[in-house]
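Before any comments, here is the structure.
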Amino acid sequence: MLNEKLRGLLTRYCDSLPDRQASLTAALQALSAALDTDFRAGEAFALFRRDAHQLAGSGGSMGFPEMGRVALSLDVALVALAEAEAAPGAADLAQLRLLTGAVLKRLATLKPEDSSLLQPVDEQAEAILMAGDVAPGFAPPGIPLRQSLRLGTEIILVSQDDVVIGHLQRDLAPYGLALTVRRDLAALPSSLSGMTTLVIVDRAVCGEDGLLPPSLTAGLAADVPVAVMDHDDSLDRRIAARAAGAAAFVGKPVNAAVVVDLLDRIHHMPDPRPPTVVIAGNGGMDRALCAHALQAAGMTCALPEEPDDLLGILAETRPDLLILLRRWDGLSAADILGALRQHPAHTSLPVLILGGGDGDGQEDSVAGADLALSLPFDPDALVLSVWHRVQRAREMQALITRDSLCNLLTHGAFINQLERELSLARRSRADLTVALLDIDGLREINELWGHQTGDAVLQGFSRLLRQRMRKTDIIGRLGGETFAIILPGASKAQARQVITDIAGAFRSLEQPCRDGVFQATVSAGIADFADGSGTVRDCLRAADSALFAAKNRGRDQVCLATPVRVEA
Amino acid sequence: MTAPLERVLYVEDDSDIQEIALMALVDLGGLAVKVCSSGMEALKIFPEFCPQMVLLDVMMPGMDGPTTMASLRTLPGGAAMPVAFMTAKVQSHEVSRYRDMGAIGVISKPFDPMTLADQVRALWAEWRETQGGTDAE
């Protein structure tokens with residue numbers, strides 16, 4: 001009964017759409033004809049605003065959220081245009097035409113039975129988009145959410161290559177990883193356990209010319225990534241693997257180091273915070289539409305009123321990206337950007353230029369900009385460009401603060417983190433433990449077998465640290481063969497246990513060299529700071545003297561610092 | 001005793017939204033609703049309908065939501081009448097702006113017809129809470 005009524009209502013609504021389309025089209029034509037006057041005073045503009053506002057309001061509630069969304073963009077643009085000081089021009093009309101086109105396109109395909117109100121209840125909840133509601137880990141429309149992957153200790157290898165199987169079986173164990181081997185794909189789905197963290201499929205099990213199955217992940221839990229291993233590392237093969245659902249591709253030969261590296265990479269989650277964007281330029285339709293589009297996609301926007309406010313706002317909000325509109329109080333985007341690039345804090349800030357260099361149909365590109373979007377602009381294209389640029393910039397940032405050899409924090413980044421953790425511990429009156437670790441006799445290893453062998457030892461040890469430490473622990477490479485770890489909330493005894501275990505695992509690793517294999521060891525010093533007392537310097541000095549003691553007593557051992565007491 | 005919410009005056013200029021809202025409030029929500037298409041009409045009907053709560057669209061041609069509310073306040077029984085706004089693009093600072101004007105809350109558009117009546121009742125209940133001491137008349 002209610003459903004019938006609803007269906008009737010939706011049918012009437014959809015029957016009215018041709019009239020609405022005609023009305024929007026007529027409004028646009030009237031505005032084009034009145035371009036030499038300020039068309040905002042005319043009847044056509046008022047009707048245009050009413051139509052857009054009504055569609056924006058009714059679209060979502062009628063169960064057509066996509067139509068409501070694009071109509072809302074048009075509504076926002078018209079409101080901003082009505083409030084703008086300057087009379088609208090040809091560029092504004094072109095923007096309105098683009099936005100109206102998007103609405104017309106959606107209107108043309110609406111059918112009552114497609115309304116989300118007539119769909120099962122759980123689909124409805126997703127379809128009705130409430131403005132301002134942003135789920136955690138939000139991604140703009142069209143971008144799949146990245147799922148967090150399962151952390152476990154088991155790797156399933158589907159392969160018949162006994163050399164690879166043998167290597168991995170022996171060498172993964174010191175990293176705390178267990179290998180389960182299956183000889184063909186059919187056995188895979190039933191082999192998964194709650195501890196499975198990665199599946200590696202040897203392309204050779206499909207036969208030398210055999211094709212990968214259409215979906216490698218069929219029948220597997222969604223949070224277990226699949227990697228394809230192939231002796232032919234070509235673009236073709238990589239594309240085919242990805243198309244079959246592989247999260248990664250590894251070329252043969254594969255050893256434990258490659259697998260552990262792969263796990264690190266796959267499990268590295270990008271920064272989940274929504275991007276913060278500063279939009280700089282004259283107020284008006286472009287700026288309003290830009291801010292609306294980004295905010296509706298879950299991003300945070302700051303809009304400085306005047307050029308004088310820009311540096312202050314950049315320092316305060318530390319945005320992920322800056323959007324420069326082509327003109328701002330008589331300044332060109334090129335001049336503003338040129339000056340910003342000379343500022344040490346903003347040399348690498350991603351910048352998008354909206355509407356070209358010096359305006360008036362000049363070329364879009366501006367020296368020092370990362371992206372340019374010409375006018376009129378598609379709000380959805382803007383959102384995607386900003387989103388992808390910010391994700392890329394965050395990945396680059398993560399690389400810069402990490403040491404390239406070991407993928408651990410650099411000296412400077414580690415010290416920054418230590419300062420932060422100390423003040424956090426002080427505030428929450430929590431324990432904080434710092435460990436310094438130093439690989440024994442690395443200089444001799446380098447001299448005997450060359451730097452490549454020494455580097456492999458450093459990398460192996462780094463991987464061990466990343467695998468064995470808790471997610472909340474902070475690991476850095478202070479330089480040379482010295483590593484440092486912050487263990488927030490851990491007591492000295494707990495830290496000693498963890499570090500002793502790691503030293504044991506490291507000792508049991510077989511380090512390959514040209515003469516065969518050898519063993520390497522590590523010495524460690526641990527210092528704790530109840531309630532985060534002391535400075536960064538105190539912390540490192542105390543841990544360093546404990547490390548010195550460990551070296552003095554014959555290396556390959558863990559020493560605790562004598563308690564540090566800061567005078568009250 | 002707290003009387004449950006039964007009578008709502010709803011002011012909205014768009015006939016499509018009126019229809020879907022009526023279905024949500026009356027058919028699904030079981031409320032008695034009087035619809036007006038403009039602020040003027042609402043001010044005329046208010047004294048005879050005696051609503052327990054008023055729902056106001058913000059953007060209406062002629063008399064907008066806030067203006068309608070201000071006029072309503074001058075009518076007999078209007079001074080303490082709980083009023084909620086309905087509007088698109090709700091952000092937290094806008095919600096607090098409307099609350100500062102004296103609205104008891106804001107319902108965002110587009111609304112979900114399946115839960116609209118619940119949202120209205122929740123705003124009403126929340127308002128009753130704050131009125132706790134003045135029940136005994």
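Where a number appears in this text, it was derived from the coordinates with a stated rule and is not lab data. Nothing here was measured: the structure is a model prediction, and the numbers come from that model. Methodologically, a virtual Cβ is constructed for each residue, glycine included, from the backbone with ideal geometry; neighbour enumeration extends over all protein chains shown.
Among beta bridges identified by DSSP and lying wholly in chain A, the antiparallel ones come to about 40 percent. Rounded if a/c is under 1.5, else prolate if a/b beats b/c, else oblate: with a ≥ b ≥ c from the C-alpha gyration tensor eigenvalues square-rooted, which is the range A:154-267? Cα axes put the range A:154-267 in the rounded bin. The range A:428-502 and the range A:253-331 have their alpha-carbon centroids 35 Å apart.
Computed from Cα atoms alone, the Kirkwood hydrodynamic radius reported for the range A:276-399 is 14.3 Å. Among the trypsin sites (Lys or Arg not before Pro) found in the range B:49-129, not one is both in a DSSP coil and sparsely packed, with 10 or fewer other Cβ atoms within 10 Å of its Cβ. Radius of gyration over Kirkwood radius for the range A:467-511, both on Cα atoms: the Rg/Rh ratio is 0.98. For chain A, the longest principal axis of the C-alpha atoms and the axis of helix A:65-83 are separated by about 70°. Among the residues of B:10-23, the average count of other protein chain beta-carbon atoms within 10 Å of the residue beta-carbon is 4.
The alpha-carbon of A:K492 sits under 20 angstrom from the alpha-carbons of these aspartates and glutamates, leaving out residues fewer than 8 places away in its chain: A:E419, A:E421, A:D431, A:D438, A:D473, A:D501, A:D528, A:D531, A:D538, A:D544, A:D556. Computed on chain A, with alpha-carbon pairs under 8 angstrom and 6+ residues apart, the relative contact order is 10 percent. Straight Cα distances below 15 angstrom link A:K252 to the aspartates and glutamates A:D161, A:D162, A:D202, A:E208, A:D230, A:D232, A:D233, A:D261, with same-chain residues fewer than 8 positions distant left out. Calculated mean residue ellipticity, 222 nm, the protein assembly as shown: -14000 deg cm²/dmol, from DSSP H runs (n ≥ 4) at -39500 (n - 2.57) each, averaged per residue and rounded to 500.
The alpha carbon convex hull volume per residue for the range B:14-95 rounds to 108 Å³. Globularity index of the range A:1-71 is 1.34 (Cα radius of gyration / 2.2 N^0.38 Å, N = number of residues).
The Kirkwood radius of the range A:2-127, taken over pairs of alpha-carbon atoms, gives through the Stokes-Einstein law at 25 °C and 0.890 mPa s a diffusion coefficient of 160 µm² s⁻¹. Taking one quarter of the surface of the convex hull spanned by the alpha-carbon atoms of chain B gives a direction-averaged projected area of 8.0 nm². For the protein assembly as shown, the fraction of C-alpha pairs farther apart than 35 angstrom is 61 percent.
The C-alpha atoms of chain A define a longest principal axis, and helix A:162-171 lies at about 80 degrees to it.
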